[in-house]
1. Just name one of Ala38, Ser48, Ala23: the one whose Cα is farthest towards the positive end of the charge dipole of the range 1-88 (beta-carbon charges, Lys/Arg +1, Asp/Glu -1).
2. On alpha carbon coordinates alone, what is the Rg over Rh value for the range 1-69, Rh being the Kirkwood radius?
3. For Cα pairs less than 8 Å apart in space and 6+ apart in sequence, what is the mean separation divided by the residue count of the range 54-131, i.e. the relative contact order in percent?
4. Once you charge only the Cβ atoms, +1 for Lys and Arg and -1 for Asp and Glu, what is the size of the charge dipole of the range 50-131 about its Cα centre, to the nearest 20 debye?
5. How large is the dipole of the range 1-118 about the Cα centre if only Lys and Arg carry +1 and Asp and Glu carry -1, each at its Cβ, rounded to the nearest 20 debye?
6. In Å², and per residue, what accessible area does the chain have when probed at 1.4 Å with the other protein chains present?
7. Compute the long axis of helix 105-124 from its Cα atoms, compare it with the longest principal axis of the Cα atoms of the chain, and write down the angle in degrees, 0 to 90, nearest 10.
8. Report Rg/Rh for the chain, rounded to two decimals, where Rg is the Cα radius of gyration and Rh the Kirkwood radius.
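The values are calculated or read from the model by the stated rules, or taken from the named source; none is laboratory data. For clarity, every value in this text was computed on a predicted model and none was experimentally measured. Here the Cβ positions follow ideal geometry from the backbone for every residue, glycine too, while neighbour counts run over all protein chains shown. Remember, those area values only see protein heavy atoms, side chains included, never the ligands or the DNA or RNA. Shrake-Rupley method; radii C 1.70, N 1.55, O 1.52, S 1.80 Å.
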Amino acid sequence: PAGYEPSHDVFQYAKVLAAGSGAHIDVVTDVEGAVEGANAVYTDVWVSMGDEAEAAARRERLRGYQVTPRLMRLADANAVFMHCLPAHRDEEVAPAVIDGPQSVVMQQAHNRLPTEQALLHSLIGSDWDKV
């Protein structure tokens, strides 16, 4: 909903990066329109650490943005559901979605360690075996 968009500067930079790769990026508030035909549906927690004081207000404002089975049916038939974890079932995602056949959250979690290792290897360079 309005008020939860990325910062203007971040969004402008993302648009530049997207254009450079031939992609297109938008910020929308119509959750059904955003999900319709999507190949992937990705969400995150509604209340992050440090935002606990506004937890009740966030839950109220974001209630219509929960990823439910009905919402997932608007996405492509082969769409996957993603979440960076930890997730709060019955808040940002319905249990039937995160635990369902379209969910790839566990594969996502399993991929973190090798991804982080590859990043460290890239940053450290070829002297990795000497560390």
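1. The residue sitting most towards the positive pole is Ala38.
2. On the way: Rg = 14.1 Å, Rh = 14.1 Å.
Reported Rg/Rh, Kirkwood definition of Rh: 1.00.
3. On the way: 51 pairs, mean separation 22.3, N = 78.
Computed value for the range 54-131: 29 percent relative contact order.
4. 300 debye
5. On the way: 9 positive and 17 negative charges, 46 e Å.
Computed charge dipole of the range 1-118: roughly 220 debye.
6. Values: 9040 Å² over 131 residues.
That works out to 69 Å² per residue.
7. Taking Cα atoms only, the helix is inclined about 30 degrees.
8. On the way: Rg = 17.5 Å, Rh = 17.1 Å.
Expressed as Rg/Rh, it is 1.03.
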